[in-house]
Amino acid sequence: MNLEKVIFGFFIILACTLNFGFFIGDLERAELHHPMELFFAVVVNLIATVLKFGDRTQLGATHLATSLVASLQLLAASIVWVWQLYVVGQPMSGELTAVVVSLSGGALLANLFSVVLLIGETLRQGR
Amino acid sequence: MSDVLFLILRRLRAPLITLILVYAISVGGLALIPGVDPDGNRHPMSIFHAFYVMSYTATTIGFGELPYPFTDAQRLWVTFTIYLSVVGWAYTLGSVVALGNDANFRMMLVRGIFRWRARGVAEPFYILCGYGQSGARLARALDRMGNHLVILDPSAERLARATIQDFATPPLTLAADGRLADVLEDSGIHSPHCLGLIALAGEDGTNQAIAIGARVLNPAIPIVARAKSGVAKVNLESFGGVAVINPFETFAANLGVSLRAPEVVQVEDWLTGAPGSVCPPCARPPRGRWVLVGFGRFGRAVAKVLDAEGIEWRAYDPKVEEDLDTRLLHGDYTENILHDAGIEGADVLVAGSDTDAVNLGATTLARRVQPDIFVVIRQNQMQDRALVDAAHANLKFVQSDLMVIECLQVLKAPMLGRFIAELRLAGTPVAVATLERVQREAGDGAPRAWEFDCDVLQPGMFHAFFQRAGAPFTIEHLVANPISPKERLPVTALMLETEGQRTLLPPDSTKLKPGARVLFVGDDVARRLQMRYATEPDTIAWVCSGSEPPRGFLFRWLQQRARAAE
């Protein structure tokens, strides 16, 4: 067993599952999407991105790209949320909730690609 | 395509000018003749309207009289122009049809399309000159190996067979003479995707001219030429850079090796055979007395080898002159002459005439006298394969089979060719050891051969030689299974080439140097697994040390800290 692989796989899959947890639920209803879940999804995604730094293989580069996409989408979602609550000073409207959740939906897709790459690499190496 | 366009323009010059004049006269006349509108006012037709009316009149579409009903003067003129324009169009269309049927024009068109398509081939391809029996078989073999083909042959009928044969990628064909430099250029000899050229035309002189032309045009690609006579072979070999194959001499040389070290030929046949086929039986021709049926190029090549081996032989052929050599008998292929040649006491019959019926007949007659005679038979025509196979000869010479094997060896596995050359020098003990080792390590089916190049520009090999603190890298690492290094891949290292030195059957403990090349045989799955060593540093590290190096920055830093703490 390789400790790096355990930690690596753990963060990639956790990033995906947290992302999914935030995404699921009616698109326009703010009360179904908890801000803490988005916060943790951002944090775990950033950690997963950092873990992928420095891998010189082709697959490593693709891994990093998917993580960067996911982090970018989640950060954009949080910025929209923060802007509405603290800059505009209004509660979340249905439309803006839909924007935040669909951004996190894009991130979910990128995270799924990441998981597919992880599984594919593991199967190919066969060890 | 530019010369095709040029030819079209030049041939259609007169009809086009005629057509322009017809239109000019008609349109001009119609615009000059005054018309009237429904109110009776004078209304000259504009040039635009005149052209419009002429366009639909001359092409017999006929929309009617526009913009107003014509006057009788106008109708008179239009009647005249209808006949004029029909003649003009008939002349032009007739010229176009004649051009389309013109043999020169068609040839240029075919050539232009061929050149354009050959330039567009973006996959590795071979140029094959000559599509006879050997050419067709080689084309099929190369196609099955996933190569594209450009085939040149002067006979369009032969090339037509290539279009109906079963190819994975239909080859590009052109009925042209490969001796012409522009034909070779059009078939893409300068293309970076061109992997090589094979000259298998019927005549030696043609092959010689093609090979020399190709060598001059592109010095970088491998070129293989068939030469059935000694003169052509010597000429081409002295020119240099062309692999020359003389099928008769090659077979005779193999026969010579079979007399001294039959196991060498057995190993050679097995390694060059179709993947998966079983090891062929070892053919051991007896030395004794030989009778040669037919004394053409094939018979002569065999006789030369027999002379070198000091073996007694007699030959007969209707075309030889007896007084040259007492061992030669002149006569038709009859039963009597077989007795005259001494078939009663003979041990080997070489049925090597250029007619299959004669060869089969001689085999049957000889067996009637000597049931246990060792028969070497030559098959000339592909359609006689079943008959010749039914004769169950001990050795069979089929020129096209031999050409395919030899060409593939030169083009696809040059290192295997060098191994076989070394094996011939080394003789029986090494051949027996090879057979035993390959069967033990790689299995009983005929293995595939490939080269493993320790090229340090590959990331895996760079790691193996420069990033492991000088730890030795051996063949043992290359034959380990990259998935579970304790298991051995079913492969055998046949030869190691390092700094110009060749080692046959290197043991697994042999240390490798950067740039070394190892000839492996085994199955295709094993080859693909082994190729991971070239491209994947992690796999090298895993096999050499049993643990994988950390891949990301963070874990590398942690590992360094852990090492420093120790």
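The values are calculated or read from the model by the stated rules, or taken from the named source; none is laboratory data. Every value quoted in this text rests on a predicted model; they were computed, and no experiment measured them. Here the Cβ positions follow ideal geometry from the backbone for every residue, glycine too, while neighbour counts run over all protein chains shown.
Just one residue in the set A:ALA30, A:ALA76 is out of contact with any Pro (no Cβ under 6 Å at 6 or more places or on another chain), at pLDDT below 90 and of a type in the set (A, V, I, L, M, F, W, C); that residue is A:ALA30. Within segment A:24-39, the set of residues being outside any loop (DSSP other than H, G, I, E, B) and either surrounded by fewer than 17 Cβ atoms within 10 Å (Cβ to Cβ) or of a type in the set (D, E, K, R) (or both) comprises A:GLU31, A:LEU32, A:PRO35, A:MET36, A:GLU37, A:PHE39. Identify, from the list B:TRP270, B:TRP313, the residue that is in contact with a Cys (Cβ under 7 Å, 6 or more places away or on another chain) and either of a type outside the set (S, T, N, Q) or within 30 Å of B:ALA431 (Cβ to Cβ) (or both). From the options B:TRP270, B:TRP313, the qualifying one is B:TRP270. Test B:GLY445 against the stated conditions and say whether it is in contact (Cβ under 8 Å) with a residue 12 or more places away in the chain, under 34 Å from the mean Cα position of the chain (by Cα), within 25 Å of B:ALA274 (Cα to Cα) and in a loop (DSSP other than H, G, I, E, B). Considered against the rule, which asks whether it is in contact (Cβ under 8 Å) with a residue 12 or more places away in the chain, under 34 Å from the mean Cα position of the chain (by Cα), within 25 Å of B:ALA274 (Cα to Cα) and in a loop (DSSP other than H, G, I, E, B), B:GLY445 comes out as yes.
Is it true that some residue in segment B:321-334 is in a helix (DSSP H, G or I), out of contact with any strand residue (DSSP E or B) (no Cβ under 6 Å at 6 or more places or on another chain) and among the β-branched types (Val, Ile, Thr)? Among the residues of segment B:321-334, not one is in a helix (DSSP H, G or I), out of contact with any strand residue (DSSP E or B) (no Cβ under 6 Å at 6 or more places or on another chain) and among the β-branched types (Val, Ile, Thr), which makes the answer no. With respect to being more than 16 Å from the chain's Cα centre (by Cα), crowded, with 22+ Cβ neighbours inside 10 Å and on the phi < 0 side of the Ramachandran plot, A:THR122 falls outside the description. Among the residues of segment B:533-547, those that are more than 29 Å from the chain's Cα centre (by Cα) and under 13 Å from B:GLY460 (Cα atoms) comprise B:TYR533, B:THR535, B:GLU536, B:PRO537, B:ASP538, B:THR539, B:ILE540, B:ALA541, B:TRP542, B:VAL543, B:CYS544.
Looking only at residues that are in a helix (DSSP H, G or I) and out of contact with any helix residue (DSSP H, G or I) (no Cβ under 9 Å at 6 or more places or on another chain) in segment A:89-115, which one is farthest from A:LEU46 (Cα to Cα)?
That would be A:GLU95.
Looking at this structure, is A:THR57 surrounded by 15 or more Cβ atoms within 10 Å (Cβ to Cβ), under 30 Å from B:GLN458 (Cα atoms) and either away from every other protein chain (no Cβ under 13 Å) or modelled with pLDDT of 95 or more (or both)? Answer is no for this residue. Taken over segment B:398-435, the residue count meeting the criterion of being outside any helix (DSSP H, G or I) and within 21 Å of the chain's Cα centre (by Cα) is 2. Working carefully through the options B:VAL291, B:VAL305, B:VAL350, B:VAL358, find the one that is of a type in the set (A, V, I, L, M, F, W, C) and more than 32 Å from the chain's Cα centre (by Cα). One residue alone meets the criteria, B:VAL291. In this structure, A:GLY25 qualifies as at positive phi and in contact (Cβ under 8 Å) with a residue 24 or more places away in the chain.
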